[in-house]
Amino acid sequence: MSFIAMPKPDAAIIARRSEIAECLRAIVGDAGLIVSEDERRAYETDALTAYSAIPLAVVLPATTQEVSAVLKYLNEERVPVIARGAGTSLAGGALPSEDAVVLGVSRMSAVLDMNFADRVATVQAGITNIAISQAVAHEQFFYAPDPSSQLACTIGGNIAMNSGGAHCLKYGVTTNNLLGVRMVLMDGTIVDIGGEQLDSGGYDLLGLVCGSEGQFGVVTEAKVRILRQAEGARPVLFGFDSAEDAGACVADILAQGIIPVAIEYMDKPAIKVCEAFAHAGYPLDVEALLIVEVEGSDEEIDAMIARIVEVAEKHGSRTQRVARTEAESLAIWKGRKQAFGAMGRIADYMCMDGTIPTGRLPEVLTKITEICTRHGLGIANIFHAGDGNLHPLILYDINKPGELEKAEQAGAEILKLCVEVGGCLTGEHGVGVEKRDLMLDQFNQADLHQQQRLKTVFDPRWLLNPSKVFPLEGRLSS
Amino acid sequence: MSTSVVKKAAGLLEPRDEAQVITAVNDARASGAPLEIAGGSTKRSIGRPMQTAATLTTHRLSGITLYEPSELVIGAKAGTPLKAIEKELAKNRQRLAFEPIDYRKVLGSDGEPTIGAVAAANLSGPRRIYAGAARDALIGVRMVTGRGEAIKSGGRVMKNVTGYDLVKLSAGSWGTLGVLTEVTLKVLPMPETETTLVFEGLGDRQAIACLSAGLGSPFEVAGAAHLPAGIDGTAKTLLRIEGFAEQMTYRSGELKTLLRRHGVPALLAGEASQALWLKVRDAEFFAGEDTALWRVSMMPSRGPEIGAAAASAGGRVFYDWGGGLVWAAMPAGNDAGASALRSAVAGNGHATLIRAPESIRAAVDVFQPEQPAVAALSRAVKDAFDPDHILNPGRMFAGA
């Protein structure tokens, strides 16, 4: 069906399935093991649903010690392991293979410590992103990175992919908000990397582990920075006649010394679909829409919005709506937050994740439309404009033979375009399997080999999430 | 083809481009002659003493290669003087928000710090608690590894998770993994103005509690330091806020109310505030001394424990990062306070020796010893980049 090849599963491992399962049962007990095919099927894919494979077994350890014993055993037996948070990866980061054991962290989801004086929370890897913020909300604190899947995705998965979110323009992504991890290496060694301090005493291994896509170890606990919530936040909505005007407006806001918490962009097709679905009151006669959110006290917000409105008017903003109340704020965000659901109602879509220098925005948008038109596919653009992280949604029909392949082809061309203009293949979703074979468009073999040497440092046998990130051809021998 | 492209004079290699860096590293590998890696040579006394055959300096790799103010990004060759970067940014009212430390005053060195060394040493000042560290602003690097290979990681865009993050790894690696040849950094606008609240006469514990309360408020405290009595006159506890003029009045008022149990603060604005934070940033209070200078990093509320341990060993301290960074000036005899500070840290943080005579830096661990499993990973990381230990060998850890 799809054109990204996965290696042939190891038949010798598959043949040993029941023996391996029994050894795992001895470590984690019945409650921590899934062997029936029906139940294993629930783990066959993640949010990149075009790819799937039923794993050998699924193990759900309850403690770091169990994770250690499981990995030590599987390392000795040379069985591949796919670590899994909530399976929300859009890049296939948690896609299993038939000869691999899925190690899920869902039974480790507790908050272990909340330290408000030092602004750090210690949590287990399986806690959802939103649950961290909820746990500290009674003191008006929050955990800043907010991927759009935050209701479901886990901090363990966020660390693996170095996840971002809508508000990272101001607050940064996972790596900027992570202080320490407890991680189990493939040979069972438990290591504490980082801690409660703000910098590293030696090599920044924490920065290296964050974003290593489950290929270095299994994180079981994390220490994350928690921040005090702003007094308030309000968005303002602007409509523009062209992508150029909207892009210039974004650049000018930043150049004026204003860093909003979020600047979101939607193009006309996206506006139309979202409005039809969410009835958020978006203008339908504009080519581009910006949602700009600022934080502070009421007076501070008013002052900042006044400055932003002035900039937007200079760039020909025709429509503007300033939220004055909580209800008006929610209305402005409603369409954007439901955008992906709204798209899913009218078509199947593939969500791209390239980043570009924001100055190249209008030109890139034009070329993206050309690419999709050439493949006979629809396109809607939604993205984080402040940091250039694009989420073009390529629309296709899974039931039409050949359309998925066309969409993948168009997606690859869009990502190559992002690299050509000085950007990158993935801003926040990760490489996974989806972008694996495009890595040589961004890097050369020497760059990738140096990365692979680090994979070997942490996992000498290349058993953790092995078929991801690097093209299968040309790897250093594992 | 590549012979004699690198100018050699008295053991000094001054490559003018990346190709010459590659040649220099390959020559060093071939002859088994390790290199000291330097930028402006202002921080060469930090680290364990090294046995090297020559010094490779990046100072001729100079120049801004990219600056897009509206994209908040600047790129430069590694040997570009920091002051050239700061000057260019200031033209557009922008800055490096992590407020890089200038070590020249405490180290008594001259020369011009380079942007590459700012990255390689992960130099972050007081604003680190609000705006992130150098490693957070660093978004792209090019380097020549100890294998003599030019590689890149990251790029020029802020959001980038393509491949492993070797950018973070290179920050704070002190030239032991690769010779940085070009760096790209995220920049931020300069605020219109700043104000510092100054509480006087607080003891260390109360001061840290005051800073914690400020940092736990919604008022975006962008500097939180405590200078105990004797550091800069009477004890001063400092909270800095930055922003638009109208914000300063509001936020300083709110902070005064929130922190009223700690007294009534004096307000320092504009240049007076900036001058004081420069002293905090550069630990200037300990300049011109022959004490051993340590940087101790741990959970902020434990700061006063470190302060007490330093005092019992005859040292003096001040606190930055809300208490999470303790600058300790210790008597330079014996182990220069290493065991006193490190037993107080107790494995939950680290103590790094910034200034001490060479004999002490040879005798005590300059960088905090790591737990064995982590130390093994660090050694293997070094070997992955620099298998022959050609680059700054032993500067951070013995044998690596």
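Figures for the structure shown
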{"quantity": "Test: residue in segment B:321-335 that is touching a Phe, Trp or Tyr at 6+ places or on another chain (Cβ under 9 Å) and assigned to a loop (DSSP other than H, G, I, E, B)", "calculated": "no"}
{"quantity": "Residue within segment B:255-274 that is within 14 Å of another protein chain (Cβ to nearest Cβ), open to solvent by 10 Å² or more (accessible area, probe 1.4 Å), modelled with pLDDT of 95 or more and more than 24 Å from B:Gly315 (Cα to Cα) present", "calculated": "yes"}
{"quantity": "Sole exception among (1) touching a Lys or Arg at 6+ places or on another chain (Cβ under 9 Å); (2) of a type in the set (A, V, I, L, M, F, W, C); (3) outside any helix (DSSP H, G or I) for A:Ile379, by number", "calculated": "(1)"}
{"quantity": "Tally, over segment A:326-376, of residues that are more than 19 Å from the chain's Cα centre (by Cα), outside any helix (DSSP H, G or I) and closer than 19 Å to A:Leu290 by Cα", "calculated": "1"}
{"quantity": "Segment B:107-127, residues that are within 11 Å of chain A (Cβ to nearest Cβ) and open to solvent by less than 10 Å² (accessible area, probe 1.4 Å)", "calculated": "B:Leu123, B:Ser124"}
{"quantity": "Selection count where residues are within 25 Å of B:Ser301 (Cβ to Cβ) and either at the interface with chain B (Cβ under 10 Å from one of its Cβ atoms) or in contact with a Lys or Arg (Cβ under 7 Å, 6 or more places away or on another chain) (or both), scope segment A:181-190", "calculated": "0"}
{"quantity": "Considering residues of segment A:384-402 that are more than 14 Å from chain B (Cβ to nearest Cβ) and touching a residue at least 12 places away in the same chain (Cβ under 8 Å) only, the residue farthest from A:Ala342 (Cα to Cα)", "calculated": "A:Ile398"}
{"quantity": "Leading residue by the ranking (surrounded by the most Cβ atoms within 10 Å (Cβ to Cβ)) among those in segment A:137-178 that are within 10 Å of the chain's Cα centre (by Cα), among the hydrophobic types (A, V, I, L, M, F, W, C) and away from every other protein chain (no Cβ under 11 Å)", "calculated": "A:Ile159"}
{"quantity": "Total residues in segment B:349-366, condition under 12 Å from B:Arg395 (Cα atoms), open to solvent by 10 Å² or more (accessible area, probe 1.4 Å) and not in a helix (DSSP H, G or I)", "calculated": "1"}
{"quantity": "Any chance A:Ser212 is modelled with pLDDT of 95 or more, touching a Pro at 6+ places or on another chain (Cβ under 9 Å) and crowded, with 22+ Cβ neighbours inside 10 Å", "calculated": "no"}
{"quantity": "Residue ID - farthest from B:Ser339 (Cα to Cα), chosen from residues in segment B:294-320 that are hydrophobic (A, V, I, L, M, F, W, C), in contact with a helix residue (DSSP H, G or I) (Cβ under 9 Å, 6 or more places away or on another chain) and not in a strand (DSSP E or B)", "calculated": "B:Met299"}
{"quantity": "Residues satisfying the stated conditions in segment A:26-36, i.e. crowded, with 18+ Cβ neighbours inside 10 Å and not β-branched (Val, Ile, Thr)", "calculated": "A:Gly32, A:Leu33"}
{"quantity": "Failed item in (1) touching a residue at least 60 places away in the same chain (Cβ under 8 Å); (2) within 22 Å of A:Gly344 (Cβ to Cβ); (3) crowded, with 20+ Cβ neighbours inside 10 Å, with A:Glu405 passing the rest", "calculated": "(3)"}
{"quantity": "Residue selected from segment A:368-383 under the condition closer than 30 Å to A:Gly172 by Cβ and open to solvent by less than 10 Å² (accessible area, probe 1.4 Å), by the criterion farthest from the other protein chains (Cβ to nearest Cβ)", "calculated": "A:Ala380"}
{"quantity": "Count of residues meeting criterion [out of contact with any His (no Cβ under 9 Å at 6 or more places or on another chain), within 7 Å of another protein chain (Cβ to nearest Cβ) and basic (Lys, Arg)] in segment B:146-184", "calculated": "3"}
{"quantity": "Within segment A:192-242, considering residues that are outside any strand (DSSP E or B) and of a type in the set (D, E, K, R), the one farthest from the other protein chains (Cβ to nearest Cβ)", "calculated": "A:Asp241"}
{"quantity": "Evaluation of B:Leu239 against (1) over 26 Å from B:Ala346 (Cα atoms); (2) aliphatic (A, V, I, L, M); (3) surrounded by fewer than 23 Cβ atoms within 10 Å (Cβ to Cβ) (one fails), failing number", "calculated": "(3)"}
{"quantity": "Selection status of A:Glu39, charged (D, E, K, R), touching a strand residue (DSSP E or B) at 6+ places or on another chain (Cβ under 8 Å) and open to solvent by 40 Å² or more (accessible area, probe 1.4 Å)", "calculated": "yes"}
{"quantity": "When residues of segment B:91-106 are limited to those that are of a type in the set (A, V, I, L, M, F, W, C) and within 13 Å of chain A (Cβ to nearest Cβ), the one nearest to B:Thr193 (Cα to Cα)", "calculated": "B:Ala97"}
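Okay, residues lined up against (1) surrounded by 16 or more Cβ atoms within 10 Å (Cβ to Cβ); (2) over 30 Å from A:Val311 (Cβ atoms); (3) more than 17 Å from the chain's Cα centre (by Cα):
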{"residue": "B:Ile22", "(1), (2), (3)": "yes, yes, yes"}
{"residue": "B:Asp27", "(1), (2), (3)": "yes, yes, yes"}
{"residue": "B:Ile46", "(1), (2), (3)": "yes, yes, no"}
{"residue": "B:Thr57", "(1), (2), (3)": "yes, yes, yes"}
{"residue": "B:Ser70", "(1), (2), (3)": "yes, no, yes"}
{"residue": "B:Gly75", "(1), (2), (3)": "yes, no, yes"}
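Residue by residue, here is whether (1) closer than 18 Å to B:Arg156 by Cβ; (2) surrounded by 20 or more Cβ atoms within 10 Å (Cβ to Cβ); (3) facing chain B (nearest Cβ under 9 Å); (4) modelled with pLDDT of 95 or more holds:
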| site | (1), (2), (3), (4) |
| --- | --- |
| A:Gly422 | yes, no, yes, yes |
| A:Val433 | no, yes, no, yes |
| A:Gln445 | no, no, no, yes |
| A:His449 | no, no, yes, yes |
| A:Asp459 | no, yes, no, yes |
| A:Phe470 | no, yes, yes, yes |
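The values are calculated or read from the model by the stated rules, or taken from the named source; none is laboratory data. Just so you know, these numbers come straight off a predicted model, no measurement behind them. All Cβ positions, glycine included, derive from the backbone under ideal geometry; neighbour counts span all protein chains shown. Each accessible area value is taken on the protein alone, full model and side chains, heavy atoms only, with ligands, DNA and RNA left out. Shrake-Rupley method; radii C 1.70, N 1.55, O 1.52, S 1.80 Å.
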